[in-house]
Structures are given as structure tokens and as C-alpha cells.
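Asks: Supplied in C-alpha cells, the structure appears directly below.
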Amino acid sequence: MKKVGYKKAYSTFLLIMVALSAASVLYIKNLLVKYEASQPERVVEEQIELLSEAAAYGRLQEVLPLENYDPGDDAKKQEDISILTQKLRNSVLAYEQKPSVNGLEYNIICGDEVLARVALECVETKTRLIVFNFEKWEVKSLEAAIISKDIELPLSLGIKMNGEALTGTKNAETGMMNYSICSLTTPMLTLYDIAGNEAVFDSSREINTYGYKISVPSNYKVYANGQELSSNIAASAPIDEYEYVYEYCPQMPKQLTYDLHFLANDISFTITDNLGAEVPFEMNNRSVAIEGQVALPEIPDEIKAKIDVLDAAQQWSLFMTDDLKGKNHGYSTINKLLIEESYLQDVAWKWATGIDITLTSVHRLAGDTFTDEEVSEYIRYSDKCFSCKIKFNKHMIIGKNMNVVDTMDSTFYFVDISGAGQNPIWLIADIRENVSEGGAENE
């Protein structure tokens, strides 16, 4: 009887041990399953499934906030959302962990392209069997991988995003053009120059360009490989000799400087002058500067009919030697040829009312007062402004028979101050004494 009782007890013990072992195995297996399920990667995989499902059923914006995505155009926004939806629906998605200070962050990727980002935070930690730490991870944020960056380029370069040229904003301080890139997916960025060359843009590499500098008056034209360059890509500076004419004729030329950058080296330039004729030039270290205007030999008859430029210049010459008739040493006469409140009128008034005019040497005009008269180099700047070179000798006699020759060699600028539909009223806007090639002023 004792032997039978022992076997029964032993069998019961074995059954209990097997049951406990099985329970332990099941418990550990369950722990392992829960431990595996608690890993943050499983949460990320769930988010990928959520995105794919939402994209498949047209509910992407319900799970992926896009309210703050603003590419500046509603049509582009909808197009970008459509492209992202297609990629999330039709592509094999994966994920990669990215460095993070707080919590965990992952990129949801398609190939090398980041489509979305998910951030996780640990909300609870439990320990089982000493070695198993169970962390409960929840989604802190799920957002689109919006690409937003600024690119600064020289004015002669532009950039296309997915084949469409972007509009930039000129930086007044740097003289560069700023382009804002905003996209839900990785865009194809292509650089292009004004000569039509293109190159794929890679922000990780320096842009390889070939530079040229061309400076010309603004009424000249510059062509690169046959393409006319816009003055909008050039720096503009006033020309000193037109200083007192700009006020009355804003169309007067300015000096444009093109700081050009090209994506290819085989650039052919053509420059035409203010009359449309091609200008011969040579580059020096990829740079050329052309100044001045091309003149016509004679003043057109329609202008001659409205003003006698030679007579106007001679009246000014007489005024400057106190030989012009009229009140205030001839001021009342010369003032009829001057623009009201102009710089030249102020010069004339100060001369007429100052002490210097009274110190003019006592003289008389010779019989043939003016000789060697020449009017040349007519330059038309607009319908309201022109200049011409006027040259002559004025003969005076000091004392009994001392002959003195006063040579006038100056460029006169004339402006029409009449209103629309009125007959032209040509007045003198400025007078510039011509300088000889040697640098000395003409006597």
C-alpha cells in the first residue's frame, strides 16, 4: 500500500511540475510576444499601414496634417498632395531612425526619398522577470516631410522645380536672387542660365559656373548666344555727365553692369549701340566696359525748325562775358532758354547777380564776332531730350587792338518741356565743356 501511495504522489508531483513548466513557457512566450509588440518599430509600422490605407481611400489629410503646408499657390498645393498620395498608395514604404534628443524619430521613406516623419514618446515603463523592460510607445506626431529651403543665385541664373521656372525675389543688399523651395516630395531642381544651358541642382556640391562682366549704357543691347539680356539682371548706376538732366528726362541712359554666370563655357556675345549697330569689342579677362553714345552728324530738320541750337549757345557765351543785352547783365534774355528752378538757371542767376561778372575785362566784340562755327554729334535720348556738340570762336578786342579769342567747345543738352499734344519748347538743361583726349580743357 505504501508503494502505491508513493507512486501516486510522485505522479501527481510530476504532473504539477509539467503544468508549471508549461505555464512558465506560455508566460515567457506571452512576455516575448508582448515585448516584441512593445518595440517602437511596431508602432512605426502601424503608422505606415495607416498612411497607406488612408492614401488608398483618399483620406490622407485625416491622418497627415497638411493645413500648414503653403507653397504659395492652392493649385500647387493640391497637385503636391495628389503626388504624395500616389506615392504612399503605390510604393513600398520603409523606415529609418533619425537622431533625436527627446524620444524617438523615424523617417518614412520610399527609396531614398523621405515622405513623412513620425515622432514617438514613451508614456509607460514596466519590468517583468527582472530582464524584460516593457515600454509603451505612443505617436507624438506624424507629419509630412515638407521640404522648405531658400536658394540664392546670381541674377543671370534661374531655377526650375519639376520643370517649371520659379519666380525669385531680388535681394537689394546682395544683388542676388532668392528662391523659396517648398514641396511635399523631393523635387527635381534644375539650374538654367540666360543662354539656355541647364544643369541638375545638387545642394551638396558647389555650382560650377563661368563668369563674365559686361558694362554698357542702358540703351545698348547685349546678346548671349543670340538671347537678348534683360536689364533686370544688371546693376544700374547713373552716369555723371547726365547728372542735371535726369530730373527732366528720366529716360537718359544709365550705366548697366551685367555680372553674368553661365553653366557652359562656350558663350558668344554681341553688343549693339544706341543706334542699333553692332559694336566691335574685345574681352579682357572675361570683362568689357563700353561707355558713351554714338552720334549722328547733323540735327534733324524738325528740331532745327523749333530751336536754333547755335544761337542758343552763342547767347550763353555772350552772357558769360557780360555782352548779352537785357536786364541784370543779360539774365532776363538768357533765362528764356533755361528751365525754371533748374541747376543751370541757378548758375546763371548767381553769375548775373554776383561780383565776378563785374570783374570781366573791359572789351568790345569784334565785327565778325563768331567764326569757325560747328554743330555736330547729335544724340537723341528720347522724344524729349537730345544733345549736340557746339563749337565756335568768339572774337573780342581789349583796349585799342588787342584781339582775344574765346573758344566755345561744349556739349549742350536740350529738353522739351511742353505737355502732351503741345508744340515743342526746347530749353537748355545742362552744358558740359568738352575735354581733349590729352585731358586738358579746351581753351
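Asks: What is the distance, in nm, between label points placed 7 Å from the Cα along the Cα-to-Cβ direction at Asn68 and at Ala199?
Replies: Modelled inter-label distance: 3.6 nm.
Asks: Another question, then. What is the local net charge at Asn102, summed over the other residues whose Cβ is closer than 12 Å to its Cβ (Lys, Arg +1; Asp, Glu -1)? Please report the intermediate quantities before stating the final value.
Replies: Numbers: positive: Lys140; negative: Glu105, Glu121.
Neighbour charge sum, excluding Asn102 itself: -1.
Asks: So how far, in whole Å, is the C-alpha centre of the stretch 54-88 from the one of the stretch 334-408?
Replies: 76
Asks: Cβ under 9 Å from Thr333's Cβ, Thr333 left aside: what net charge do those residues give with Lys, Arg +1 and Asp, Glu -1? Mind dumping the intermediate values first?
Replies: On the way: positive: Lys325, Lys327, Lys336; negative: none.
Combined, the nearby Lys, Arg, Asp and Glu give +3.
Asks: When every alpha-carbon pair in the stretch 148-200 is counted, what percent end up more than 18 Å apart?
Replies: Values: 379 of 1378 pairs.
In whole percent, the share of Cα-Cα pairs in the stretch 148-200 beyond 18 Å is 28.
Asks: With θ taken as phi - 60° and the coefficients 6.51, -1.76 and 1.60, list the Karplus ³J(HN,Hα) couplings across the stretch 187-201 in order, rounded to whole Hz; mark glycine and proline as x.
Replies: Using θ = phi - 60°, the values come out as x, 8, 9, 10, 7, 9, 10, 6, 9, x, 7, 9, 7, 5, 8 Hz.
Asks: Turning to a different aspect of this structure: Students often get this wrong, so check it: of Lys98/Lys126; Lys87/Lys136; Lys304/Lys389, which have C-alpha atoms separated by over 22 Å?
Replies: Values: Lys98/Lys126 25 Å; Lys87/Lys136 30 Å; Lys304/Lys389 14 Å.
In this structure, Lys98/Lys126; Lys87/Lys136 lie more than 22 Å apart at Cα.
Asks: Something else now. Inverting the mean 1/r over all pairs of different Cα atoms, compute the Kirkwood radius of the chain and quote it in Å. Walk me through the intermediate numbers first.
Replies: On the way: mean 1/r = 0.0326 Å⁻¹.
Computed over Cα pairs of the chain, the Kirkwood hydrodynamic radius comes out at 30.7 Å.
Asks: Rank by packing, highest mean first: peptides 48-61, 266-279, 357-370, with packing defined as the count of other Cβ atoms within 10 Å averaged across residues. Before the final figure, lay out each step's value.
Replies: Values: 48-61: 15.9, 266-279: 14.1, 357-370: 12.1.
Highest-to-lowest ranking by the protection proxy: 48-61, 266-279, 357-370.
Computed from the coordinates by the stated procedures, all read-outs in this text should not be read as laboratory data. None of the values given here were measured: they were computed from a predicted structure. Glycine gets a Cβ as well: all are built from the backbone with ideal geometry, and neighbour counts include every protein chain shown.
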